[in-house]
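J.: What follows is a structure written as structure tokens; I'll ask about it next.
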Amino acid sequence: MKKIMTLKVVGIILGIGLCVLPHFSKVEASELEADYRSPLITGQTVSGTLALDEEMAIYPFTTTAPEEAYVTLENVRGHISASIYNAQGEFVAGASEMLDGTLVMKPDVKPGSYTIRIEKSYSETSTNRTAFDLKATFASSEVTYDINKEPNDILKYGFPLQSGVPISSALSSASDTDWFKIQTVNEGMVSVKLTQNDAPVEFDLYDAYGKSIANMEHGDGYKSRYSDEKNWMTGVVKAGTYYIRVSQPDFNKALSKANYTLTSTFDAGPLAHDKNYEPNDIPAYASLLQNGVAVSSTLSDPLDVDWYRFEMKEDGEAYISINQIDGNTGFGIYDDLYYKKTAKGTSDPSSISLQAYLKKGVYYVRVSSYDWEDRRTEGSYTLKATFSNGTLAYDKAMEPNDILEN
């Protein structure tokens, strides 16, 4: 244990008692009993205490790149405050948010050495012990992910996603945050959805510089749906690196854990489709429709979307129908810029059809669910498209003859 001279910072005091927001960097110089602890490893939680005769614990850490540091103290017992200082002893950050028994600091730091100082509050006496769980995620020379994709509390350590492949993870507490990384190779649509979550969970999309791009507008526009059980978004982005940040929406609810499944589909280059034509959640992976040939598939959950592609070899009519519907299913026709085309529609309880006059070019059919109020987990359907496509061979039933040209 060492005695140090320090500029005492008044931060947020945890526990039942006084709560003071940090708004100045120093109050008074005081001589404190300080215990230097082992250096922190990025993303790893350490449990600490301040013994009866200890007033301060100091945890050093070193960053290797300019990046946000994400520091949390949880399961706090007793009255403490926390702050971060650089190698010159200058104040960097104090608490920015607080819930019951939790303290969070999220400063942007430059490469270098820092310390986290955890102090008993001035209202504590030397006869009181305190305890806490400390976790700091910061830029380090190397990082290894565990089965829960940790440490991914900061953008730099966003866990890389494979296009169209769902992963399951968990927010360990109300202050936990998870970052994921996607890499698109072409300009195009990206789809993100959260399902199977047992507590409110939401996400935001960011560019490579950490700037939010949630309000994407292109073609048919940015779309999102959110409830306690599901969250979905789709929009168009340029080729590049992007990040998805998952968190609990109501930070002031001290929820202990939130499980979720995250799926993002983006243009990552050629991918092979499975028997259900997946992944076809975006136009880049749209399944090719043969003229007059029906295909059967399944929407795997209320947030699933299926895209199909067809090409008009000449101007003319296109006739698209869905039947054998198991679930509240609908569809639309879109051009190559993802703008929805005007079409004449008819429907009955078991089928839906759209008819439109289209110019020569590439078009898409987007199949999705409406609001599945019965909360069914999947819905099957059969899709058929008949369109102007030059010379056709007819089968014994004179198909395809769903449009005038044929």
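J.: Could you pull out every residue, at least 5 positions away or on a different chain, whose amide H is within less than 5 Å of the one on THR329? Hs are placed 1.01 Å off N in the peptide plane, and Pro or chain starts have none.
T.: Answer set, sorted by chain and number: TYR370.
J.: Still on this structure, I have one more. Quick one: what do you get for segment 314-353 if you divide its Cα Rg by 2.2 N^0.38 Å?
T.: 1.31
J.: Once you list every other residue whose beta carbon is under 10 Å from the beta carbon of THR265, what net charge do they have if Lys and Arg are +1 and Asp and Glu are -1?
T.: Residues close to THR265 contribute a combined charge of -2.
J.: Please compute the alpha carbon radius of gyration of segment 107-196, then divide it by the globular-protein estimate 2.2 N^0.38 Å. Two decimals is fine.
T.: Here the Cα radius of gyration is 1.52 times the empirical estimate.
J.: Please compute the Kirkwood hydrodynamic radius over segment 252-338, one decimal place, Å, based on all pairs of different Cα atoms.
T.: 15.7 Å
None of the figures in this text is laboratory data; all of them are computed from the coordinates on show. The structure presented is a predicted model; accordingly, all values stated were derived computationally and were not measured. Quick reminder, even Gly has a Cβ in these numbers, built from the backbone with ideal geometry, and neighbours come from all protein chains shown.
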